[in-house]
Amino acid sequence: MNTNSRFAEATLEIMEAVLEVENIDDALAGGLEVASRLLQAEAGAIWFLNNKTNRLCPVYNIGEVDVSTITIENGVGIEGKVTQSGKTIALEDASSDQRYGGSVFDEVGLSTAAIVCVPLDNMEKIVGCIELINKKDGTAFTKDEIKLLERMASLVAMTMQEKGFDIEEEEHREVLASLVDITKEFQSGDEIVQVLRGINLDIYKNEFLVVLGESGCGKTTLMNIIGGMDSLSSGTLMVDGRDFSKPSDSELTMYRRNFIGYIFQSYNLMPNLTALENVQFIAELVDKPMDSEEAIDKVKLSDRAQNFPSQMSGGQQQRVSIARAIVKNPRLILADEPTAALDYTTSIEVLEVIEDIVKNQGTTVMMVTHNPEIARMADRVIKLRSGKVSSIKRNLNPLAARELVW
Ligand SMILES: Nc1ncnc2c1ncn2[C@@H]1O[C@H](COP(=O)(O)OP(=O)(O)O)[C@@H](O)[C@H]1O
Ligand SMILES: [Mg+2]
């Protein structure tokens, strides 16, 4: 295929990704995904200029590194320079270019060689930029590729204007847990299986984080490591300012009891205890429990408090298991496919309870699901692929549980 028709097709694919979606978040994410695939980029991000703070913040990024904590002053770094000047910058060798001046991507562990960064210009003003970093084959971005990205950027900017995209004032986000280069390998017979291959991720206080990824990509392993149910092979896990990478037995017990609340696909309730007793039983083990009846009330099961698990539906049993997690007053709730065994209606009931915990309890929730529709509730969506973070997306307008349809 000649270059022209290849680029015509690529443009069409980008147009479909950007224009044929209802919501702007999906347009941004889809556009960047297509562009990074077509240009074979190692990483990339869409940065949006917040006019109130005059800083750029990433709304979507692709690649192994989490840049969502980072903001850049307009005019500083290559992203800022592009946004200020409205002109594309392409670097073949970032390390020797003055304009680059060390980048956020290097700070988070990606060594930057080639960059192309183009402005998002919606005719009225520059609203941000799109950046791709490093070609997978190590070569520089070509003129045609840069032109393609510029075309995409103008489509994105136009879509943003049409659909009324505006970013809210960035709140100061405090980090609750921090994962640095976490790996996990299992011995399987004579072989060593590398399941997590360097996870870097910050989890913020009071955020609702959803983890997506195909079966077997390492989601449960990651949750187990964060939850202290499995040990990591290398890397660092910090939670609430404390290092839990290599905890002693007593630290581990304390951590699992008081820091973390767990919700699994299976409810794991004691069959011979009532709903309330299942919750009380946990409350007695922890340092600062919530009142058990209050926990039952929060999951809207007060009228079922005296029922045994066998007298309740799957959705109700899952809500008991949520009450059991929140009664601990944990810093972080880990939920691994909590609705996988439930039908649509009961799933929504369970998700409404989880939503309420994040909004009204101030608890941080990290939830694994394989249902992309559920991810639309999240503040941020992390995608895992083969044991690495492949993208992080900030939802600009998270949906309420009851708005989800599948
Ligand atoms: N204890 C273990 N020993 C060996 N391999 C394991 C072990 N636990 C998980 N794995 C492997 O790690 C990979 C990721 O598993 P998992 O984290 O459960 O994936 P997911 O939750 O994304 O479906 C799978 O290939 C699985 O077979
Ligand atoms: Mg799993």
So the pair-distance distribution of the range 3-163, from every Cα-Cα distance in 5 Å bins, comes to percents of 2, 10, 20, 24, 23, 14, 6, 1, 0
By how many degrees, 0 to 90 and rounded to 10, does the Cα axis of helix 314-326 deviate from the longest principal axis of the chain?
90 degrees
Stretched fully, the stretch from ASN307 through GLU293 gains (0.36 nm per residue minus C-alpha distance, one decimal, in nm) 3.7 nm
Kindly flag which residue pairs out of LYS81/LYS359; LYS52/LYS298; LYS52/LYS300; LYS205/LYS383; LYS81/LYS136; LYS81/LYS135 have an alpha-carbon separation exceeding 29 Å in this structure.
LYS81/LYS359; LYS52/LYS298; LYS52/LYS300
Percent relative contact order of the range 3-163, based on C-alpha pairs within less than 8 angstrom and at least six residues apart?
24 percent
Sorted from fewest to most neighbouring beta carbons within 10 Å, what does the list LEU176, LEU196, LEU404 look like?
LEU404, LEU176, LEU196
Could you tell me how many cubic angstrom of Cα convex hull volume the range 344-406 has per residue?
91 Å³
If one compares the long axis through the Cα atoms of helix 143-163 with the longest principal axis of the Cα atoms of the chain, the angle in degrees, nearest 10, works out at 60 degrees
Test of understanding: in a Gaussian network model of the chain with alpha carbons linked when under 10 Å, which of ASP291, ASP137, ASP93 would top the mean-square fluctuation ranking?
ASP137
Radius ratio Rg over Rh of the range 176-249, counting only Cα atoms, Kirkwood formula for Rh
0.97
With both bridge residues required to lie in the chain, what share of the DSSP beta bridges run antiparallel, to the nearest 5%?
75 percent
Mind telling me which of TYR100, TYR262, TYR60 comes out most flexible in a GNM of the chain, alpha-carbon contacts under 10 Å?
TYR100
Fewest to most Cβ atoms within 10 Å: ASP97, ASP287, ASP190 sort as ASP190, ASP287, ASP97
Give the share of C-alpha pairs in each 10 angstrom bin for the chain, from 0 to the last occupied bin, in whole percents, shortest bins first.
5, 21, 28, 24, 14, 6, 2, 0
Taking 37 °C and 0.692 mPa s as the conditions, I'd like the Stokes-Einstein D for the range 175-403 in µm²/s, using the Kirkwood hydrodynamic radius from alpha carbon pairs.
183 µm²/s
What is the range 175-403's relative contact order, in percent, from Cα pairs under 8 angstrom and six or more apart in sequence?
27 percent
Give me VAL156, VAL286 ranked fewest to most by other Cβ atoms within 10 Å of their Cβ, as a rough exposure proxy.
VAL286, VAL156
Which value, to two decimals, describes the C-alpha radius of gyration of the range 111-245 once divided by 2.2 N^0.38 Å?
1.43
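FYI, it's all coordinate maths here, none of it is from the lab. Worth saying up front: this structure is predicted, and the values here are computed from it rather than measured. Virtual Cβ from ideal backbone geometry, glycine too; neighbours counted across all protein chains shown.
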